[in-house]
Amino acid sequence: MRGLFVTATDTGVGKSVLSAALLAAMVADGETVRAYKPVVTGLDDPAEIEARGPWPADHELLATTAGMDPAAVSPLRFGPAVSPHLAARLAGRSIDPAQLLARARARGAEGTLVVEGVGGLLTPLADDYSVRELARALELPVLIAARPGLGTINHTLLTLEAAREAGLHVGAVVLTPWAAEPSVLERSNHATIAALGGAPVHTLATVSPTVASLASAGGALPWQDWVGPRLSY
């Protein structure tokens, strides 16, 4: 299976935008792509809706860039802004890790796959199954979306440590959104994470919620190096 697994240092740090930018850039380069986000929560939460502003919900954004039905991107969708395992419990449902994995593999058989995780690596998808375990089972290169500003050094280094403890291959850390004129703090954070984290550090420019803007920003990233040679599907 060819693709990328996009995780983050926390929720709301830009992994959906990064995932969409990668998908848009791949499509612009002629790739057949598929997107998968195992669970979406917060769809009915007023604060979450307000925070998104002009941006659509995560699964809708990924669907737009990948040319898919949003329901195929995220079969499990919940209203409350809580962790997946709690969202399922509140809905009187359970999340089967085997189904999450099977769905991801099915998408990966159809094209270059971009999987967007939920929250960070240790976020529970089910009571005894985390995002990290799904990433480990899929064996895709991992990208870590991180904020460029204050607090990002600790969060990013902890995420790198958690990834490596599980044997995940980290392709890069991507700081987002990266301003056209980054501050002294942001430039220092970039250099410090690169020096202490032992992983390449890239940046994703500030984008608007259009496919063209996403493709331009994603095209500036070396995604071809991360996913490897193109395959025929």
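Looking at 1, 68, 26, which is the one that is farther than 27 Å from residue 151 by Cα and modelled with pLDDT under 95? Criteria check complete, one pass: 1.
Is the stretch 203-226 home to any residue that is in a strand (DSSP E or B) and closer than 18 Å to residue 28 by Cβ? Within the stretch 203-226, one or more residues are in a strand (DSSP E or B) and closer than 18 Å to residue 28 by Cβ. From the set of residues in the stretch 179-202 that are touching a strand residue (DSSP E or B) at 6+ places or on another chain (Cβ under 7 Å) and assigned to a loop (DSSP other than H, G, I, E, B), which is surrounded by the most Cβ atoms within 10 Å (Cβ to Cβ)? The residue in question is 199. Restricted to the stretch 107-159, and to residues that are free of Cβ contacts under 8 Å to residues at least 40 places away in the same chain and part of a strand (DSSP E or B), which residue is nearest to residue 5 (Cα to Cα)? Among those residues, the one meeting the criterion is 130. Listed conditions (1) touching a Pro at 6+ places or on another chain (Cβ under 7 Å); (2) more than 30 Å from residue 60 (Cβ to Cβ); (3) not aromatic (Phe, Trp, Tyr) are all met by residue 204, apart from (2).
Whether a residue is assigned to a strand (DSSP E or B) and not basic (Lys, Arg) was assessed, and residue 167 does not pass this test. Scanning the stretch 65-102 for residues that are among the hydrophobic types (A, V, I, L, M, F, W, C), crowded, with 16+ Cβ neighbours inside 10 Å and in a helix (DSSP H, G or I) yields 66, 72, 73, 87, 88, 100, 101.
Step by step: first the residues of the stretch 109-126, then only those that are of a type in the set (A, V, I, L, M, F, W, C) and buried (at least 23 other Cβ atoms within 10 Å of the Cβ), then the one that is nearest to residue 98 (Cα to Cα). Which residue is that? Restricting to residues being of a type in the set (A, V, I, L, M, F, W, C) and buried (at least 23 other Cβ atoms within 10 Å of the Cβ), the top hit is 125. Among residues of the stretch 77-106 that are within 17 Å of residue 59 (Cβ to Cβ), those with a Cβ under 9 angstrom from a residue that is exposed (fewer than 15 other Cβ atoms within 10 Å of the Cβ) and of a type in the set (Ser, Thr, Tyr), sequence gap 6+ or separate chain, pair up as 88/94. Filtered by the rule that a residue be part of a helix (DSSP H, G or I) and among the hydroxyl-bearing types (Ser, Thr, Tyr), the stretch 10-64 gives 16, 19, 64. For the stretch 127-148, the set of residues classified as touching a Ser or Thr at 6+ places or on another chain (Cβ under 8 Å) and surrounded by fewer than 21 Cβ atoms within 10 Å (Cβ to Cβ) consists of 147 only.
Right, residue 105: basic (Lys, Arg), loosely packed, with under 15 Cβ neighbours inside 10 Å, within 18 Å of the chain's Cα centre (by Cα) and under 25 Å from residue 173 (Cα atoms) or not? Yes.
The values are calculated or read from the model by the stated rules, or taken from the named source; none is laboratory data. Just so it is clear, the model here is predicted, and its values are computed rather than measured. Virtual Cβ from ideal backbone geometry, glycine too; neighbours counted across all protein chains shown.
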